[in-house]
Amino acid sequence: MDQVFVSCCPHDCPDSCPMLVRKYENDTIRLEGNPQFSLIGGGWICKKGKRWEYRVRSPKRLTSPLMKDGSSWREISWEKAISLWALRIHDALSSEGPLSNFIYQSAGSLFYSKKLFKKVFVELGGYTEPKGSLCGSAGGAGLKRAFGFTPVYKPENLKYAKGILLWGRNVVETHPHILPILRNFKASEGVEIGALEIRRTPTTDFADKWWRIRPGSDGVLALLLCKTLLERSDGWPYWRKRAKNVESFENALARLDRQNLLARTGLDESSFESIYSWLMVHRPIAIYAGYGPQRYESGAETFHLLVALSLLLGAFDLKGSGVVFGKNEDWMFPMELIGSPAMQRRVPVGDWVLNISGYRPKIKTALFTCCNPAKQAPGIEKFKRAMAEIPFKVCLDIEMSETALLCDLVLPAACFLEEGPDWLGSWWHGYLLRSEKALDPPGQALPETTIFTLLAQELGLNIDLEEARNKMDQLLKNSPLVKQVSKGIYALKEQDSWCENNRVEILLPDDFPMTLRDSHNFESLRFISVHSSQFINGQTFGVENPDTPEVFVSDKEAAKRSINDGDLIILSGRGITLKGICRIDKTMDSGYCIMVQGHPWVNELTEPKVSPGYGVPFHESFVDLNKL
C-alpha cells in the first residue's frame, strides 16, 4: 500500500511550493501539489519540481565519498573522508586561524536545516564566507536602505491594486504560481497588468499592455516618472509626510534634464506618456519588480528609487500600493541554534575570486554546500584559478557538479526527500512549510546534519546536529508566530510593511550619479543573461544542454553584421571566444544581446564585479558578436 508524506520543493524560487510525496511499495514516488495550499490555486507543482521524481534515484547520484587521486577519483570510506577533512581544518587553524576556513553556501536548497552546519565553525572560532548573493542582494539592499529593514508586501494585497506593473519580472517563466492569482484579480477585481521589459516575453503577452525600455535604464525611468509627477503636481498629496530627505530629493529632480533622461530610457515621447497615463489611471499601483533590473551597478539605487516612485503614487495611503520584490525567507530560523562566531570575515560574492591571493589570513580550506558557483558565478575561469590557490576543498552534493569536479573531497549528501523533519520559508508568500522524510538515501549518502555531526566529533566538538534539527522542529511548531492551517503548512504572523505607518528614506541626490552613469561600451553589445522556465538560477538538472546555444539579437544588430537567423556566430569578451546560433528577435532594440542562463559557458563571458549592496552586476558585461 502506498504512503503519503508532506514535503516542499527545495528550489530557490519565489513559489516555495508545498508538495505531497506518494511513495509506492517499490520505493518509486510521485510528487503532487498539496491541494490544501489554496494560495496557489489549489496546489500544483511545476516541471522543475516534478523532475525530483526521477532525480531522487538518478544514476548520476553520488553514493560514496570520493577523493581526488591525480586526474581521477577514488572511493574512500566515510571514516577516512571525515578524518582527512578534520585534519586539514586543524592544520588551517594551527597555521592561519579560524578565518582560514572558507564556507560557501548558496541557495541550492532553501531548507532551514542547511544552516545548522555553521555551528561547527562557530565552535572552532569563526570562518570566512561570501557577502551578498548572486541573485537579489542589490535590489534588497535598496529596499532595506529605504525602510531600515527588509519590507514585506503580502501577496493578498495585490487584490487592492487597480494596476500591477511587472517591472522586468517575467512571471510566466519564473513565478508561475502567481498566474492563477493574477488571472483571478483581472477577472473579479478588474485589475490591469502592465509590463516593462527589454523584449517580448510570455509575460508581456500575458499583460494587458507592455513597453520596451533599454537595458539598465530602469532607475533612469523611475527618476523621470518621479520628476514628471512633481512637475505636473500629480504626486499623491500626502507623500511628503511619509518620506525623509524630501526637499533635497525635489531639488535634485528639478536639476535633471528631462530630454536627456528620456533618451537614456530608449522610449519615445509617446511611449513615455503611455506609461505615465497608465500609472495615473490605475492607482493604486503595485510595482512587481524583477531581478534583471538590479543586475547592474546601479541596481540598489534603482530599487531605492522605486520606493520613491511608489510613495509619489500613494503608497501607504492607498492599500495595494508598494514595491513587491523579495523578503528574508530565513527570518524564522532560530539563530540561537548556531550562535555567533568570535571571528568572521565576509568577502564579496561577486569578486572574491580576484582577491584570493591577497587575503590575510590565507584561505586554506573551502567548503561548498547547496551551491554550484563553478557554473553560476561570474568569471568562471577566474573562479577556477581561485580554486587552484586553495589547498583543500570539499563539496557536498547529490551529483558531481562543476564545482565538485574542482574539489579534493566530494561527499554524497541526501536530498530533501531523504531527510527530515525540516522547514522551508518563502521570499514571496507568508507561510512556513514543514517536510517529512519519505525515503532512505541511496548507497552511503547521508543527511548533511549527520555529515557535520561526524565532522564535529572528529574535531573533538560536542555537537549533535541531528538533535539540533529536532530541536528546531519543536521550536518552530511551538512558535507563537506560526499557526498550522493544514498538515505541513503554517501561516506566519508577519509585519505588512506597505500597510504600516512607516516613514521611509528617499534616495539622496548624491546617489544619482550611479543611476545616471552610462556604462555602455558602444563598440560592443551589452550581454544580458535571463532566467528560464526550464532552469533554476542557471542549474539545468534534467535538461539537455545544446552543443551550440542560441544568442538573441535585434534585426538591426544582425543587419549591421550581415547575419541571418540561424547563422553561426562568435561571441567574444574578456579574452574568451565562444560559438552560438544567432536568433533574430524583432522585439529587441539595438545595443545588447541575450542568452538564457544555464549553458555551461554563459558566465565565462560575465565580469566578476560587485555592486552596492554586494550584488553581482552580471549585466555590466560587454561582448563582440560577429558571423562565424
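Key figures
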| quantity | calculated |
| --- | --- |
| Square roots of five times the Cα gyration tensor eigenvalues for the range 137-325, Å | 23, 19, 17 |
| DSSP bridge orientation in the range 518-627 - percent antiparallel, rounded to nearest 5 | 60 percent |
| Kirkwood Rh in Å, taken over all unlike Cα pairs in the chain | 25.7 Å |
| The range 266-364: C-alpha gyration tensor shape, a/c 1.5 cut-off, then a/b vs b/c | oblate |
| Neighbour-count order for V281, V122, fewest beta carbons within 10 angstrom listed first | V281, V122 |
| Among L116, G126, L182 - extreme Cα towards positive end, dipole of the range 87-235, charges at beta-carbon | L182 |
| Binned Cα-Cα distances of the range 311-453, short to long, each 5 Å bin given as a whole percent | 2, 7, 12, 14, 15, 16, 14, 8, 5, 4, 2, 0 |
| Long-range amide H partners of F622 with built H, under 5 Å | F527 |
| Protection proxy ranking of 196-205, 293-302, 170-179 - average other beta-carbon atoms within 10 Å, highest first | 293-302, 170-179, 196-205 |
| Distribution of pairwise C-alpha distances over the range 490-628, 10 Å bins, in % | 10, 33, 27, 16, 11, 3 |
| Charged-residue dipole, Cβ positions (Lys, Arg, Asp, Glu), the range 190-317 about Cα centre, Debye nearest 20 | 200 debye |
| Estimated dipole of the chain in Debye, rounded to 20 [Cβ of Lys and Arg +1, of Asp and Glu -1, Cα centre] | 580 debye |
| Cα centroid of the range 225-302 to Cα centroid of the range 73-130, whole Å | 47 Å |
| Projected-area average for the range 40-137 over all orientations - Cα convex hull basis, square nanometres | 10.1 nm² |
| 32 Å Cα-Cα threshold exceeded, pairs from K68/K119; K186/K244; K114/K154; K382/K579; K144/K487 | K186/K244; K144/K487 |
| D (Stokes-Einstein, µm²/s), Kirkwood Cα radius, the range 3-55, 0.890 mPa s at 25 °C | 218 µm²/s |
| Distance from the range 431-471 to the range 518-553 (C-alpha centre basis), Å | 36 Å |
| Residue exposure sequence - D218, D547, D589 - by fewest surrounding Cβ within 10 Å | D547, D589, D218 |
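No lab work stands behind these numbers, since they all come straight from the coordinates. None of these values were measured; they are calculated from a predicted model. Positions of Cβ are backbone-derived with ideal geometry, glycine not excepted, and every protein chain shown enters the neighbour counts.
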